[in-house]
Amino acid sequence: MKRLFLILVLAAACIGLRAQTLPDDPYPVLGAKLEEYFTALAGESADVQAAECDFLISSCQDSLVRQYVALKIYSHYLESKIMGDDAVAVHVAEKWFLSGAVPMASEMDLFNARIFTEFNRESLVGKRAPVLTLKDGNGTPHRVPASGEYSVVFFYDTSCPVCRTESVRLRQLAQEGIFPFKLYAVYVGQDRAAWDAFKADFPFATHVWDPQVESDYQRKYGVLQTPSLFLVNSSGTIVGRGLDAGALRILLNREFSTGVYNYGEASNMAQYSQLFSAYGDTLSVNHIIDVADYLAARTFGEGNIDSFKQLEGDLLYFLSRQREEVYKDAIPLFVERFIRVPEIWDTENDRLQVVSLADMLCDLVSRTPVGSQVPDLAFHATLRKKPCLFSSGSKTDVFGLRSLKGRPAYVVFYSQSCPTCQDMLSRIDALVEGNRRARVLLVNMDELNSTYPDEARQALDSFDLQALPFILELDRKGNVVHRYVQL
């Protein structure tokens, strides 16, 4: 399943029009096969996908089946969030529906398809960007986009809260000065006072407008909602549309790639963090792999190896820095599918920066997997439980990991010099105090390293102690229920 993540990668422009769907699916088996076909086509160029869709539609002999297939295809590409797929929707609408070759479900659907194509056909990715003549606050005309240089064209309204957020992010990107581009901020309203106030908070841009819409920018660029953000290259070709500032940054990275990869930069890690935080508590391994699949389709799938390496390498570095169980569980599958590809990661630098890290991470997360029995080891440690009249609630001794019988039972490896560990210890006090059945075994790695080095070596060989605290949850039989627990 592909998920929308506008904050990170390329996203399709959408003007709020939905394709029609048949009320009751008359061909569920055919519909399922078409969905499989769409998945197989993902990553191909728009021209290739359009040709395949034409073949599918034209091969249908029955008129009702042909209509069903055409509507299904149009709906899929109209609603897709993959940048470039909208070109297939435009093609299908023009060739099959607007031409009258295949009827739509209703006149209203046909009207919507006509509006969709009219407001998108000139601003598709790969098309020559329409040239607009817009004026600044002094009435001086400006050519948008610029000639012979990269241009970012940002259509906004002063009353749009998302536009204000994006303007702040665009301002930061422009201030960094990493990428050479001309930033045009195009105000779509008519309130001069509001425009002047907005401009004061948004430097580093050439501010222009067209209050009478004499340039026809709404139709030429499909600006029916704001914000609307385009990237045009120095040849005047649209290379990105429907972007936000995060997607723009990634696209600029791709456009100006030098083949030198600097993995794990803070800004890239922040973008991944923002992306995955949007899933909240529902984040799963499948979601993470979906993101990696999407990145591969939009880079490697289009022949851009540099961008594939940068984005997937950054994602590996991001996963390596996360503590939560879901990220750790995603590492083996991610590495198998996207890193263990020798023909791609084929340089010495690749092996040093990416492949060796991937191998180390896979080795670490393979230890004590969920469902396995905890190793039959014993450590000098402190057992914490709720005190009774005859107990202080803590006991320091040698404890076997399989002897814990708590509900729940936790094994906590920690360091006294670790601030995160100190916070965790205070939460353990609250956990034990609130649950009479809870048992928590505290293993101080500082003490093991200094006094019981053999035990420390056993712990390091058996568990992923790359980052502390490391917490296991066990059932009453000593089986691992969760790893990388966050108390």
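Each reported figure results from applying straightforward, stated rules to the coordinates on display, with no laboratory input. Given the structure is predicted, the values throughout are model-derived calculations rather than measurements. Positions of Cβ are backbone-derived with ideal geometry, glycine not excepted, and every protein chain shown enters the neighbour counts.
The table that follows gives values for the structure above.
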item	result
For the stretch 23-97, alpha-carbon Rg over 2.2 N^0.38 Å	1.02
Contour excess over end-to-end distance, with Cα ends at N435 and A270 and 0.36 nm allotted per residue	55.7 nm
Cβ crowding within 10 Å averaged over residues, with 339-347, 184-192, 25-33 ranked highest first	184-192, 339-347, 25-33
Bins of 5 Å, starting at 0 and running to the largest distance - Cα pair percent for the stretch 44-145	2, 12, 21, 20, 15, 10, 7, 5, 4, 2, 1, 1, 0
Furthest towards positive pole of dipole, S228, A247, Y217, structure part the stretch 205-255, Cβ charges	A247
The stretch 106-209 - share of DSSP beta bridges that are antiparallel (%, nearest 5)	35 percent
Segment D446-K386, length gained on full extension (0.36 nm per residue, minus Cα span)	19.1 nm
The stretch 116-188: C-alpha gyration tensor shape, a/c 1.5 cut-off, then a/b vs b/c	rounded
Label-point gap, in nm, between E336 and A32 - each point 7 angstrom along Cα→Cβ	2.5 nm
Convex hull (Cα only) mean projected area of the stretch 186-241, reported in nm² to one decimal	4.5 nm²
Antiparallel bridges, percent of DSSP beta bridges restricted to the chain (to nearest 5)	65 percent
Rounded to 5, percent antiparallel among DSSP beta bridges of the stretch 154-297	40 percent
Net charge over other residues, Cβ less than 13 angstrom from the Cβ of A378 (K, R count +1; D, E count -1)	-3
Given charges at beta-carbon only (K, R positive; D, E negative), |dipole| of the stretch 178-220 in Debye	160 debye
Neighbour net charge for S415 - beta-carbon separation under 12 angstrom, K R +1, D E -1	-2
In nm, spacing of pseudo-spin labels at A467 and E324 (7 Å Cα→C-beta vector)	1.2 nm
Relative contact order, percent, the chain [alpha-carbon distance under 8 Å, six or more residues apart]	13 percent
Between the stretch 463-487 and the stretch 115-170, the alpha-carbon center distance in angstrom	52 Å
The stretch 402-442: C-alpha gyration tensor shape, a/c 1.5 cut-off, then a/b vs b/c	oblate
Three semi-axes of the equivalent ellipsoid, the stretch 99-140, Cα gyration tensor, whole Å, largest first	34, 14, 6
Rough spin-label spacing in nm, given labels placed 7 Å along Cα→Cβ, for S63 and D376	7.7 nm
Charge dipole magnitude, Cβ of K and R +1, D and E -1 - the stretch 364-450, Cα centre, debye nearest 20	520 debye
For the chain, calculated [θ]222 nm from helices alone, where every DSSP H run of n ≥ 4 adds -39500 (n - 2.57)	-13000 deg cm²/dmol
Packing-based order for 75-88, 445-458, 54-67, 157-170, using average beta carbon neighbours within 10 Å, highest first	75-88, 157-170, 445-458, 54-67
Cross-link partners of K328 among aspartates and glutamates (Cα-Cα below 15 Å; sequence separation of 8 or more within a chain)	E336, D359, D363, D464
Estimated D of the stretch 352-487 in µm² per second, where Rh is the Kirkwood radius over Cα pairs and Stokes-Einstein applies at 10 °C, 1.306 mPa s	103 µm²/s
Stretchable slack from A101 to F256, in nm (0.36 nm times residue separation minus alpha-carbon distance)	51.5 nm
Kirkwood Rh (inverse of mean 1/r, distinct Cα pairs), the stretch 152-255, angstrom	13.9 Å
Listed residue (L472, V412, L431) projecting farthest to the positive dipole end of the stretch 331-487, Cβ model	L431
For the stretch 234-285: rounded, prolate or oblate by the Cα gyration tensor [a/c cutoff 1.5]	oblate
Cross-link partners of K220 among lysines (Cα-Cα below 28 Å; sequence separation of 8 or more within a chain)	K72, K81, K95, K127, K135, K182, K199
Relative contact order for the stretch 309-433, counting Cα pairs under 8 Å that sit 6 or more residues apart, in percent	16 percent
Value of Rg/Rh across the chain [Cα atoms, Kirkwood radius]	1.08
Debye log10 I(q)/I(0) for the stretch 262-397, one point scatterer per Cα, at q = 0.10, 0.14 Å⁻¹	-0.45, -0.71
